[in-house]
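One structure is given here, and the rest of the page talks about it.
The values are calculated or read from the model by the stated rules, or taken from the named source; none is laboratory data. Nothing here was measured: the structure is a model prediction, and the numbers come from that model. All Cβ positions, even for glycine, are placed from backbone atoms using ideal geometry, and neighbour counts span all protein chains on display. Just so you know, the surface numbers come from the protein's heavy atoms only, side chains and all, with ligands and any DNA or RNA stripped out. Shrake-Rupley method; radii C 1.70, N 1.55, O 1.52, S 1.80 Å.
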Amino acid sequence: MQNFLFKNFTVSLVLFLLFGFSSIFISSLALADEVDDRIAEIQKRIDQKGLHWTAGRSWVSELSIEEAKKLLGHNPPKGYDEWLEKQPKLTARKDATFPSVFDWRDSNMVTPVKSQGYCGSCWDFAATGAFESAIKIHDGIEYDLSEQQVLSCNIYEAGCGGGWAEPVYELFKRYGAVGEDCMPYEASHWVPCTQEECEVLAKLKDWVYVENDVNAIKTALLTGPVYSAFSVYEDFYSYWDGCYEYDGTSSYLGGHAIVIVGWADTSCGGEGAWICKNSWGPGWAGLGGYFYIKWGTAGIGRSTVLPLYPPDPVTLTYEDHQVSEAVGDGDGIPEPGETITLSVDLKNSGPDTATSVEATLSTTLPGVNITSPVATFPDIPSDEIRTSEPPHFIIEIDSSVEAGIRVDFDLSITCNEGSFNATLYDFIGEFDTAFADDMEGDDNGWTHGYFELEDDWEHGVPQEGSRTDPTYAYSGDKIWGNNLDDNYPNEVHNYLNSPIINCKRFEKTRLWFYRWLAVEKAEWDTAAIYVNDNLVWMNDSLYDHLDFKWHHHDLDISAYADSNDSVQIRFELKSDQGLHLGGWSIDDFAIVGVSKYIIGDANADQKINLGDVIYLANYVLKGGFAPVPEGAGDVDCDGDIDMGDVIYLANYLLKGGPEPCPP
């Protein structure tokens, strides 16, 4: 019986394997026939229209439409093409002449063809590939740069769903490019960013947009290979060789980014073609991963970008400054009638050391005289900061200059490696504080809400959820910001309101706070500040606002806040449905100004009476509220507020003693 069952099982298994594999084999043959039929139909259309390319079978032509779409990824944000139309672009000289054929491969300046896998990261491979060639052309070094670094670390969070050149080049310019061996490609944007653990191999200087014109692109190509994009139609997946031209009937599937490495005027029957490096592996099609495409077909040449390399050897920027007094009261605050010493810190973000560094300081403000306008600096190594050498800058402030005035300075910097310009500012006189909040306590009267869709304002500790958000507060632990754990949402319009602030006794009022802001161009996403519903600041309409550290933000709000007992600041964020970033992060908020006060009016009721004596005594003896401003309580003008001021004021009111000293 057992032998019978075993024999029957064996027969059944053999039959299953025989017919099962036969069915799979037959299905595969049917699929192969379907692919061959499709290629034959495409070739028929090519021949009928007299086009100059050949259709053939490759691993890509065997994919389903949905699988094939995953290979496409040139997908800039909403409005990008319209914005790009307005940008300055590289063009060709009218008298420019070019060779009939030009190919960077002939001089071995193109790095090997790579494969993006089933991830829509063609934009990453195209931009990185063009940069690899730029490095090789200039330095003679062939780097295999990490496309995974871009997927994991770009601040725009472009990924397998698509992107464009800027996320790559912004990263390579700001941070630099690392090697494939340190961050190997995994075809996923969910891989953590570990670029800090890698050596930076090269930094981009900048990038330039190129007019979608044959001679303009040729002009750019004479410098190096370029990033470009075109529309992919279904017939392109069957490209084998020749000069591709859209057949006019195939379905549109998406945008694709490639590297243009040269041109051939004689291709496409003499109508000309671009020579392009694809990112579908060296085994794609019949030209080792390359293809020729007719000028102008399928939109080729749009979004063309030329990476610029090398970076300037030295880049010097203003970092900070310090004030000390050569002649004055020693409080470190520039005041009328004083002579100050201004030392300046410069940072070098270039790869080489800055040598023979010198800077010249100037201002146009009357009464501020720079008697020693030139300062020297020690050599400044790469990525380091150095302070000007003594005697630094010497500035005399005339006694006629009003307290509360902002002084804007221009700084002209020279060194052996180049010249640079910077600006800085400081203030004349000491400001009094109308309101200050370091954000560390509770909400302290702040309120938030929305005009459209959603309120994402939060008060708390930064959560590192967005690539453009701070990882720490400017001071303490807490901040206010948009969604402390992620980017701001699409299509929202929301706000953060300060408490109502009494500025009745202040003039020359200013808004001070520390800002870490990441927002798109104002054409699409708006970050704005209002004082009592009056717009006083908004992000730029042409460029993304990207802070990578905390910045002190100073605004003159005197037109709306001076002598006003009801002042409210409103921060707004308005987004579209496209790209979204970290939004507002705010810390150490203050409204300051020059107080209009009466010495002795400790309780700020515009009168001097026994109520002020009681108020001062309560402050000195019991830790009650301080005078507003504190200078109003220094009745005897000795620089301190103590029982001497209480006795002095009581003597003045009750016994006709001397008046409180004038402010």
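Residues that are crowded, with 17+ Cβ neighbours inside 10 Å, within 14 Å of Ile370 (Cα to Cα) and of a type in the set (A, V, I, L, M) within region 324-343 comprise Ile340, Leu342, listed in sequence order. Filtered by the rule that a residue be in contact with a helix residue (DSSP H, G or I) (Cβ under 9 Å, 6 or more places away or on another chain), of a type in the set (Asp, Glu) and open to solvent by 10 Å² or more (accessible area, probe 1.4 Å), region 231-256 gives Glu234, Glu245.
Quick check on region 179-192. Is at least one of its residues farther than 30 Å from Thr91 by Cα, outside any strand (DSSP E or B), charged (D, E, K, R) and free of Cβ contacts under 8 Å to residues at least 24 places away in the same chain?
Scanning region 179-192 turns up no residue that is farther than 30 Å from Thr91 by Cα, outside any strand (DSSP E or B), charged (D, E, K, R) and free of Cβ contacts under 8 Å to residues at least 24 places away in the same chain.
The set of residues in region 312-333 being touching a residue at least 60 places away in the same chain (Cβ under 8 Å) and outside any strand (DSSP E or B) consists of Asp312, Pro313, Val314, Thr315, Asp331, Ile333. From the residues in region 605-628 that are among the hydrophobic types (A, V, I, L, M, F, W, C) and surrounded by fewer than 19 Cβ atoms within 10 Å (Cβ to Cβ), which one is farthest from the chain's Cα centre (by Cα)? Filtering first and then ranking leaves Leu610. Filtered by the rule that a residue be surrounded by fewer than 21 Cβ atoms within 10 Å (Cβ to Cβ), out of contact with any Gly (no Cβ under 8 Å at 6 or more places or on another chain) and outside any loop (DSSP other than H, G, I, E, B), region 634-653 gives Met643, Gly644, Ile647, Ala650, Leu653.
On the given criteria, is Ala130 on the phi < 0 side of the Ramachandran plot, in contact with a Phe, Trp or Tyr (Cβ under 6 Å, 6 or more places away or on another chain), open to solvent by 10 Å² or more (accessible area, probe 1.4 Å) and small (Gly, Ala, Ser)? It is false that Ala130 is on the phi < 0 side of the Ramachandran plot, in contact with a Phe, Trp or Tyr (Cβ under 6 Å, 6 or more places away or on another chain), open to solvent by 10 Å² or more (accessible area, probe 1.4 Å) and small (Gly, Ala, Ser). Evaluate the following for Asp235: is it at pLDDT below 95 and either touching a strand residue (DSSP E or B) at 6+ places or on another chain (Cβ under 8 Å) or part of a helix (DSSP H, G or I) (or both)? Answer is no for this residue. Give the residue that is nearest to Ser231 (Cα to Cα), with candidates limited to residues of region 137-162 that are surrounded by fewer than 19 Cβ atoms within 10 Å (Cβ to Cβ) and in contact (Cβ under 8 Å) with a residue 24 or more places away in the chain. The selected residue is Gly161.
The condition (being in contact with a helix residue (DSSP H, G or I) (Cβ under 9 Å, 6 or more places away or on another chain) and under 24 Å from Glu234 (Cβ atoms)) is satisfied by just one residue among Ser279, Ser267: Ser279. Among the residues of region 47-99, those identified as within 28 Å of Ser250 (Cα to Cα), of a type in the set (Gly, Ala, Ser) and surrounded by 14 or more Cβ atoms within 10 Å (Cβ to Cβ) are Ala55, Gly56, Ser58, Ser61, Ala68, Gly73, Gly79. No other residue among Phe571, Phe506, Phe513 is closer than 19 Å to Ala434 by Cβ, touching a residue at least 12 places away in the same chain (Cβ under 8 Å), surrounded by 21 or more Cβ atoms within 10 Å (Cβ to Cβ) and over 27 Å from the mean Cα position of the chain (by Cα) apart from Phe506.
Condition first: crowded, with 18+ Cβ neighbours inside 10 Å, under 30 Å from Leu84 (Cβ atoms), at pLDDT below 95 and among the hydrophobic types (A, V, I, L, M, F, W, C). Can you find one or more residues in region 534-543 that meet it? No, that holds for no residue.
Of the residues making up region 514-533, those that are over 24 Å from Leu84 (Cβ atoms), out of contact with any helix residue (DSSP H, G or I) (no Cβ under 8 Å at 6 or more places or on another chain) and assigned to a loop (DSSP other than H, G, I, E, B) are Trp516, Asp533.
Check every one of the strands (runs of 3 or more DSSP E) wholly within region 534-582 and list those with 3 or more residues that are closer than 28 Å to Glu319 by Cα. Spell out the reasoning first.
Values: elements: 534-538, 551-556, 564-567, 569-574.
In region 534-582, the matching strands (runs of 3 or more DSSP E) lie at 534-538, 551-556.
Among residues of region 428-450 that are aliphatic (A, V, I, L, M), those with a Cβ under 6 angstrom from a residue that is surrounded by fewer than 18 Cβ atoms within 10 Å (Cβ to Cβ) and assigned to a strand (DSSP E or B), sequence gap 6+ or separate chain, pair up as Ala436/Ala590.
Does any residue of region 576-588 turn out to be more than 20 Å from Glu507 (Cβ to Cβ), surrounded by fewer than 22 Cβ atoms within 10 Å (Cβ to Cβ), free of Cβ contacts under 8 Å to residues at least 24 places away in the same chain and touching an Asp or Glu at 6+ places or on another chain (Cβ under 9 Å)?
Checked region 576-588: no residue is more than 20 Å from Glu507 (Cβ to Cβ), surrounded by fewer than 22 Cβ atoms within 10 Å (Cβ to Cβ), free of Cβ contacts under 8 Å to residues at least 24 places away in the same chain and touching an Asp or Glu at 6+ places or on another chain (Cβ under 9 Å).
Residue-level check: of (1) in contact (Cβ under 8 Å) with a residue 12 or more places away in the chain; (2) surrounded by fewer than 23 Cβ atoms within 10 Å (Cβ to Cβ), Trp274 misses just (2). Does region 163-214 hold any residues that are open to solvent by less than 20 Å² (accessible area, probe 1.4 Å) and of a type in the set (A, V, I, L, M), and which are they? Within region 163-214, Ala165, Val168, Leu171, Ala177, Val178, Met183, Ala202, Leu204, Val210 meet the criteria. Residue-level check: of (1) in a strand (DSSP E or B); (2) modelled with pLDDT of 95 or more; (3) more than 30 Å from Lys203 (Cα to Cα); (4) of a type in the set (D, E, K, R), Glu358 misses just (3). Considered as a group, the residues in region 334-355 that are assigned to a loop (DSSP other than H, G, I, E, B) and among the hydroxyl-bearing types (Ser, Thr, Tyr) include one that is farthest from Tyr175 (Cα to Cα), and that residue is Thr355. Taken residue by residue, region 104-113 has at least one member that is on the phi > 0 side of the Ramachandran plot and over 30 Å from the mean Cα position of the chain (by Cα).
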